[in-house]
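See below for the structure under consideration.
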Amino acid sequence: MRPLSTHETALPKIQTHYHENLKLAIPVVISQLGHVLVQTSDSIIIGHFSGTIALAAVSLVTSVFVIALVIGIGISYGSTPLIAQENGRENFAECGRLLSNSLFINIISALCFAC
């Protein structure tokens, strides 16, 4: 019988972390796929029913919208590691404060991007 390699002994320990990360990552992946599908369907519909000028306009607006979308996602994801760090320290009062401030910042940034 051969000795187990480091990879084979570490796999059961790491596997639980993979499952926990997937539980967190799947909703994010679905939402980002939703953004891409909306923009793709807009291009398909405009390309099918309108001319090339309208399709070029939709492509330009989609590119501008993606910039705003990425900035908004960056703002909203910025507080996640801070809240997770305080949750790990079991400092739940600070978690609540960070979460409420994050919600306020996200609402303000959403209103700025909407206007």
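Rule-based calculations on the coordinates, nothing more; no lab input. Keep in mind it's a predicted model, so treat the numbers as computed, not measured. As a convention, Cβ positions derive from the backbone with ideal geometry for all residues, glycine included, and neighbour counts pool all protein chains shown.
Values for this structure:
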read-out	value
Only listed residue being out of contact with any helix residue (DSSP H, G or I) (no Cβ under 6 Å at 6 or more places or on another chain) and without any contact (Cβ under 8 Å) to a residue 24 or more places away in the chain, chosen from VAL29, VAL58	VAL29
Qualifying residue in region 62-83 (condition: of a type in the set (Phe, Trp, Tyr), within 22 Å of VAL28 (Cα to Cα) and touching a residue at least 24 places away in the same chain (Cβ under 8 Å))	yes
